[in-house]
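A.B. asks: A single structure is presented below for examination.
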Amino acid sequence: MSGKKKIFIGVGIVILLGGIAYANVKFKRTSGIEVTTEAIKKRRLEAIVNASGKIQPKRDVNISADTMGRVTDLAVDEGYRVTKGQFLLQIDPRNLRTAVQRTEASLQAAKSQVEQLRVSIESAKVALKQSEDAYTRQQNLWKGGLTTRETLERAENDLKLRQADLRSQEQQLRTQELRMQSESATAESARYDLSKVRIESPITGIVTRRNIEEGETVVIGTMNNAGTVLLTIADMSVIQAEVEVDETDIPSVKMGQPAKVTIDALPGQTFTGKVTEIGNSPIQTGTAQSSSTQATNFKVIVTLDKEIAEVRPGFTCTAEITTAVRDNTISVPIQATTVRELVVDDKGNVVRPPENEKRPSRPSAMTAQAAELQPGQTRKELEGVFIVQNNKAVFNPVKTGIAGEKYFEVTSGLKEGDAVITGPFSSVRSIADGAPVKISTAPASTEPKPGK
């Protein structure tokens, strides 16, 4: 019995030692930094530039008065829809109507004088004809010796007098015709001034501003003093979103790019449009000192595709401009990307330490500096991701393209199915190349959920 006991005890010790050895191996295999991963796959990416601004009409007209006076009739208010040619308001016309009557009377007097001069010219022509006949008769009598020289000279002087009188009458007629033209122009100007007291809408649109009340006096503008803007009419058939885009995003914004616009006053609705204008100069805000500390933005105009009946100028809006689209492209979660300083050879390939060399789980600047570089090797900061291979985090340099909402486009360095480390954030930022890791049993997914 004692021999059998010894055998049982020996078997038990062997089993216990085997269990301890298995547990030790198992622990070593699964020990390391706990991380979450995501498999690389292809998906559709859209690069979006977000910007906020105001809704504005493509065209609006400020209506000012061209003549001073009191507003006697005001037919519209803010929010009224008007058509082109519709009556808006009228300024007291009495002074201008009196001016029209005065100039028209002067014009009629000038016309009357012209007619009198024309009659006088006809009379002068008749008198000239009589003088010519008398002079011719005296010449014939002189040749026959039937008249005296005195009579002949008198007839000649009378002819010259009649010719000079006709020329004078004709000159007076030309002068009076010019004066009549001047009076006609003055009368036309007075009638035009009178027509300006009645103001009609130059476009079809909405009255967005009214700065005058009936009975108030209108002030016209001068060189140093702007006149009163009576009304503002906006053509809301073409609506624009004027947004401010950060200078870092402006290079990617191009004419004709599609955009989605949301308006705060119209929740739950999205409107489509296209980029139709990109500012070449930054938006000036405040003084030079304050602008030096503020972000530099550029104005971008997105013209909406359709008319919106409920919208008003000045509504706050947000535009999402699609600057690039990639269909079925390899992508990596944004939070998976990081930067590491690695040793590269003269061809740009990463030089990794031998597999059997012990490496720290966290990168150390002192360790990197202490490592001796071989000829042709340099240290370089590379953008990349960590891939899990054989329970180790292997840094893999990548080249990225456009940035979507949650993913970067990968142009080189990854393939479908690669398991990249996505978290925790502290691990992605601090883990060392080749450090042992273990994958969390409940990885956090970065895929957007349906309906969100």
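The values are calculated or read from the model by the stated rules, or taken from the named source; none is laboratory data. Since this is a predicted model, take the numbers as computed values, not measurements. Every residue, glycine among them, receives a Cβ derived from its backbone with ideal geometry; neighbour counts consider all protein chains shown. Quick note on the areas: whole protein, heavy atoms, side chains included, nothing else; ligands and nucleic acids left out. Shrake-Rupley method; radii C 1.70, N 1.55, O 1.52, S 1.80 Å.
A.B. asks: Among the candidates 91, 15, single out the residue that is among the aliphatic types (A, V, I, L, M) and at pLDDT 90 or above. Give the derivation first.
C.D. replies: Working: 15 fails: at pLDDT 90 or above.
Answer to the selection: 91.
A.B. asks: Restricting the search to the range 76-107, which residues are under 22 Å from residue 59 (Cα atoms), open to solvent by 20 Å² or more (accessible area, probe 1.4 Å) and not basic (Lys, Arg)?
C.D. replies: 77, 78, 79, 80, 83, 85, 86, 87
A.B. asks: State yes or no: is residue 76 part of a loop (DSSP other than H, G, I, E, B) and not basic (Lys, Arg)?
C.D. replies: Considered against the rule, which asks whether it is part of a loop (DSSP other than H, G, I, E, B) and not basic (Lys, Arg), residue 76 comes out as yes.
A.B. asks: Any chance you could count how many residues in the range 52-70 are in a strand (DSSP E or B) and farther than 18 Å from residue 305 by Cβ?
C.D. replies: 9
A.B. asks: Turning to a different aspect of this structure: Given 235, 305, 264, which one is farther than 30 Å from residue 86 by Cα and in contact with a strand residue (DSSP E or B) (Cβ under 9 Å, 6 or more places away or on another chain)? Steps first, answer last, please.
C.D. replies: Values: 235 fails: farther than 30 Å from residue 86 by Cα; 305 fails: farther than 30 Å from residue 86 by Cα.
Answer to the check: 264.
A.B. asks: Does the range 111-152 hold any residues that are of a type in the set (Gly, Ala, Ser) and modelled with pLDDT of 90 or more, and which are they? Show your work before the answer.
C.D. replies: Here is the first cut: in the range 111-152, the ones of a type in the set (Gly, Ala, Ser) are 112, 120, 123-124, 127, 131, 134, 144-145.
Correct list: 112, 120, 123, 124, 127, 131, 134.
A.B. asks: Could you check the range 145-181 and list, in sequence order, the residues that are touching a helix residue (DSSP H, G or I) at 6+ places or on another chain (Cβ under 7 Å) and over 17 Å from residue 122 (Cα atoms)?
C.D. replies: 147, 151, 152, 155, 156, 158, 179, 180
A.B. asks: Among the residues in the range 183-198, are any closer than 26 Å to residue 116 by Cβ, of a type in the set (A, V, I, L, M), part of a helix (DSSP H, G or I) and open to solvent by 20 Å² or more (accessible area, probe 1.4 Å)?
C.D. replies: yes
A.B. asks: Working only within the range 400-434, note down all residues that are within 30 Å of residue 253 (Cβ to Cβ), out of contact with any Lys or Arg (no Cβ under 7 Å at 6 or more places or on another chain) and surrounded by fewer than 14 Cβ atoms within 10 Å (Cβ to Cβ).
C.D. replies: Matches in the range 400-434: 405 only.
A.B. asks: Just checking: which of the strands (runs of 3 or more DSSP E) contained wholly in the range 297-351 hold 2 or more residues that are over 30 Å from residue 388 (Cα atoms)?
C.D. replies: 297-304, 316-333
A.B. asks: What are the residue pairs meeting all of these: first residue in the range 373-387, first residue of a type in the set (Asp, Glu), second residue part of a loop (DSSP other than H, G, I, E, B), Cβ atoms under 9 Å, and 6 or more apart or on different chains?
C.D. replies: Listed by first residue and then by second, the contacts come to 383/337; 383/398.
A.B. asks: With respect to the numbered conditions (1) more than 30 Å from residue 219 (Cβ to Cβ); (2) touching a residue at least 40 places away in the same chain (Cβ under 8 Å), which one is the sole condition not fulfilled by residue 190?
C.D. replies: In the conditions (1) more than 30 Å from residue 219 (Cβ to Cβ); (2) touching a residue at least 40 places away in the same chain (Cβ under 8 Å), residue 190 misses (1) alone.
A.B. asks: Considering each residue of the range 246-278, count those that are open to solvent by 80 Å² or more (accessible area, probe 1.4 Å) and in contact with a Lys or Arg (Cβ under 7 Å, 6 or more places away or on another chain), and give that number.
C.D. replies: Within the range 246-278, residues that are open to solvent by 80 Å² or more (accessible area, probe 1.4 Å) and in contact with a Lys or Arg (Cβ under 7 Å, 6 or more places away or on another chain) number 1.
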